[in-house]
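Written out below as C-alpha cells is the structure these notes cover.
The values are calculated or read from the model by the stated rules, or taken from the named source; none is laboratory data. All values reported here derive from a predicted model rather than from experimental measurement. When we count neighbours, we look across all protein chains shown, and the Cβ atoms used for this are built from the backbone with ideal geometry, even at glycine.
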Amino acid sequence: MTNDSQRAQWMKSVSQETGVIIISNANLSARLIECLSRELSDWPQVAWLMIRQSATLEDEWLDAENRLFDAHRVSECEISQLLGAIPKTCYLLDVEASHPAHLAWLGSVCGHKMHFLELIRPEEQMPSSNSPQAQVEEILAAARFLMRCYLQEHYLSPD
C-alpha cells in the first residue's frame with residue numbers, strides 16, 4: 001500500500017498481518033519519528049500512517065461525503081482510498097502530541113475502531129521521561145494492548 005501523497009504518507013506499510021494502524025500528525029519530533037520507525041520496522045502487525053495535512057484531507061472528505069450522500073456511493077476522496085484498503089477489523093491508534101483528538105474524525109471515514117493516545121508534552125514531562133524513547137515506549141505499549149485485543153477478537157474462540 002504505497003498510495004502516498006503530500007497530505008498523507010505510509011511510514012510503515014500495511015501487511016496481511018496488520019491489526020493496528022498508528023495514525024499521527026507530522027508534528028512529531030524528528031527524533032521521535034526516527035525512534036518509532038526503528039521500533040516498528042520488524043513488527044508486521046502494526047502499520048503507521050502519517051497525516052501531513054489533516055484539515056485539507058478532512059475538508060475534502062466532508063465535501064465528497066456531502067456530494068455523494070444522495071447517490072448512496074462510497075466517497076472517492078484521498079483519505080477514503082487510503083483507509084478503504086484497510087480491513088475494518090483493524091484498530092486505528094491516533095497518536096497526538098499537541099492537539100487532543102485532532103485526527104479522531106478518521107474513525108468515521110470507513111468505520112474503523114479508533115483509539116486515542118495523547119503523548120505527554122515535553123514541558124509537562126518528568127526529567128527522566130522527556131526523551132523520544134520514553135514517548136516511543138508509550139506508543140508501543142498502546143499498540144501492544146490493541147494488538148492483544150485484536151488477536152483475542154479475531155483468533156481466540158470463546159469458551
Search result, residues across segment 1-42 that are touching a residue at least 40 places away in the same chain (Cβ under 8 Å), within 18 Å of Cys149 (Cβ to Cβ) and not aliphatic (A, V, I, L, M): Thr18, Gly19
Qualifying positions in segment 116-138 - in contact with a helix residue (DSSP H, G or I) (Cβ under 6 Å, 6 or more places away or on another chain), at pLDDT 90 or above and not polar (S, T, N, Q): Leu117, Val136
All positions within segment 13-42 that are more than 13 Å from the chain's Cα centre (by Cα) and β-branched (Val, Ile, Thr): Ile33
Segment 43-59: number of residues that are surrounded by fewer than 17 Cβ atoms within 10 Å (Cβ to Cβ), over 13 Å from the mean Cα position of the chain (by Cα) and more than 24 Å from Tyr150 (Cβ to Cβ): 4
Residue in segment 53-103 that is modelled with the lowest pLDDT, counting only those that are under 16 Å from Asn27 (Cβ atoms), of a type in the set (A, V, I, L, M, F, W, C) and assigned to a loop (DSSP other than H, G, I, E, B): Ala101
